[in-house]
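A.B. asks: Quick one: this structure, given as structure tokens, is what I'll be asking you about.
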Amino acid sequence: MKYLIANSLLVLFLFSSMPAHAANKASAKKYQLRYKFELGEVLRYQVKHSADVRSTIEDTTQQAESKSESIKAWKVTDVLPNGEIEFVHLVEVVRMSNKVPDRAITKFDSEADKTPPSGFEQAARAIGVPLSVIRMTPRGEIVEREEKHPQPEASDDMPITLRLAEKAIAVGEQWDATYDVQVERKSGAKLRVRTRRVCTLQKVKTGIATIKVDYQVLTPINAFIESQLVQRLAKGTVRFDLKRGRVVSQKLDTNRRVLGFAGAASSMHYVSRYEERLLKPGEKLARKSASSGERK
């Protein structure tokens, strides 16, 4: 009897002394993240993007700024028995502004400007027309992409959708996707750099999963190559509706300083923010008041 009691106490002691995170890990609730679009539905997102690039080369400093606000739409045209989703991607409205050295700021509003200012002609031609037809798996893997309008070539590591975890995961767990990105050496020779996007399920509250996203470079690189990748090095959070199967918002920031990319005394400071929010049916971009310098 004493032997049984002693063993029972030992088991109790070992269990109670186990770290809390280890005890909870086995029983942690797991969540399946999957896109769940329906045939015929249209998802509209407000998209805001700003970028500020300040570079110094041989004691000469230049700064370029750009801002845009738009509504992108995904029109679901097919949902296959295996769960794959096909949708048409287009931009319905855009407001843009650019400021480059030694020039006045230029602006374009697709709803107000009948003729786009110089430099915005390509953006104007892309409004309201199908840009591409995308087919993806419920995890967000792109199976097929057909370009319908001239646009910059899509890169595998900058996908139109966030790739979700392969299996159900618990809060605190991670998944990632690796990519080979082509860059150029100073000599002009091509080089492939291995990168990855790491995602962490931070929390789940009222059916919304908050996912931390971080883009990392795995291959050792120098400043010249880093300057080519700087726009990719964003991190932030994505909020995903588990029941409805879609991103409801995301915010990604980049704040990177690169020293010596074009000589010992050169530097580049790249700051950007990308924000996206799922719009309610009928919701439009807000119009700023005339006192703020924008049209009503």
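The values are calculated or read from the model by the stated rules, or taken from the named source; none is laboratory data. Note that the coordinates shown come from a computational prediction; the quantities given were computed from them, not determined experimentally. Virtual Cβ from ideal backbone geometry, glycine too; neighbours counted across all protein chains shown.
A.B. asks: Against the condition in contact with a Cys (Cβ under 6 Å, 6 or more places away or on another chain) and in a strand (DSSP E or B), how does VAL181 come out, does it pass?
C.D. replies: Considered against the rule, which asks whether it is in contact with a Cys (Cβ under 6 Å, 6 or more places away or on another chain) and in a strand (DSSP E or B), VAL181 comes out as no.
A.B. asks: Can you pull out every residue in segment 228-257 that is farther than 18 Å from GLU65 by Cβ and either outside any strand (DSSP E or B) or in contact with a helix residue (DSSP H, G or I) (Cβ under 8 Å, 6 or more places away or on another chain) (or both)?
C.D. replies: GLN228, LEU229, ARG232, LEU233, LEU242, LYS243, ARG244, GLY245
A.B. asks: In segment 271-287, which residue that is of a type in the set (A, V, I, L, M) and assigned to a strand (DSSP E or B) is surrounded by the fewest Cβ atoms within 10 Å (Cβ to Cβ)?
C.D. replies: Only one residue fits best here, namely VAL271.
A.B. asks: Separate question: Where the second residue is surrounded by 15 or more Cβ atoms within 10 Å (Cβ to Cβ) and aliphatic (A, V, I, L, M) and the first is at positive phi and lies in segment 64-80, which pairs have Cβ atoms under 9 Å and are six or more apart or on separate chains?
C.D. replies: From segment 64-80, no pairs qualify.
A.B. asks: So ALA104 fits all but one of (1) assigned to a loop (DSSP other than H, G, I, E, B); (2) surrounded by 14 or more Cβ atoms within 10 Å (Cβ to Cβ); (3) small (Gly, Ala, Ser); what number is the exception?
C.D. replies: Failed condition: (2).
A.B. asks: Looking at (1) exposed (fewer than 15 other Cβ atoms within 10 Å of the Cβ); (2) in contact with an Asp or Glu (Cβ under 6 Å, 6 or more places away or on another chain); (3) of a type outside the set (Asp, Glu), find the lone condition where SER132 falls short.
C.D. replies: Every listed condition holds for SER132 apart from (1).
A.B. asks: Let me ask another. Could you tell me whether segment 26-40 includes any residue that is of a type in the set (Ser, Thr, Tyr) and closer than 30 Å to ILE105 by Cβ?
C.D. replies: No, there is no match, as no residue in segment 26-40 is of a type in the set (Ser, Thr, Tyr) and closer than 30 Å to ILE105 by Cβ.
A.B. asks: Using the structure shown, decide if GLN231 is closer than 15 Å to THR195 by Cβ and modelled with pLDDT under 95.
C.D. replies: In short, yes.
A.B. asks: If you don't mind, there's one more thing I want to ask. Being under 30 Å from ALA126 (Cβ atoms) and in a strand (DSSP E or B) narrows it down to one residue among VAL143, VAL204; which is it?
C.D. replies: Result of the check over VAL143, VAL204: VAL143.
A.B. asks: Let me ask you something else. Across segment 146-178, which residue is modelled with the lowest pLDDT among those that are among the hydrophobic types (A, V, I, L, M, F, W, C) and outside any loop (DSSP other than H, G, I, E, B)?
C.D. replies: ALA177
A.B. asks: So is VAL94 part of a strand (DSSP E or B), among the β-branched types (Val, Ile, Thr) and under 26 Å from VAL271 (Cβ atoms) or not?
C.D. replies: In short, yes.
A.B. asks: Being of a type in the set (Asp, Glu) and closer than 20 Å to VAL248 by Cβ is the filter here, so list the residues in segment 67-95 that pass it.
C.D. replies: Within segment 67-95, GLU69, GLU92 qualify.
A.B. asks: Which one is surrounded by the fewest Cβ atoms within 10 Å (Cβ to Cβ) among residues in segment 221-241 that are farther than 30 Å from LEU33 by Cα and of a type outside the set (A, V, I, L, M, F, W, C)?
C.D. replies: Selected residue: ASN222.
A.B. asks: Going by the conditions given, is ARG44 in a strand (DSSP E or B) and over 22 Å from VAL248 (Cα atoms)?
C.D. replies: no
A.B. asks: Could you say whether any residue in segment 255-270 is over 30 Å from GLY188 (Cα atoms), under 21 Å from the mean Cα position of the chain (by Cα) and either of a type in the set (A, V, I, L, M, F, W, C) or buried (at least 17 other Cβ atoms within 10 Å of the Cβ) (or both)?
C.D. replies: Taking every residue of segment 255-270 in turn, none turns out to be over 30 Å from GLY188 (Cα atoms), under 21 Å from the mean Cα position of the chain (by Cα) and either of a type in the set (A, V, I, L, M, F, W, C) or buried (at least 17 other Cβ atoms within 10 Å of the Cβ) (or both).
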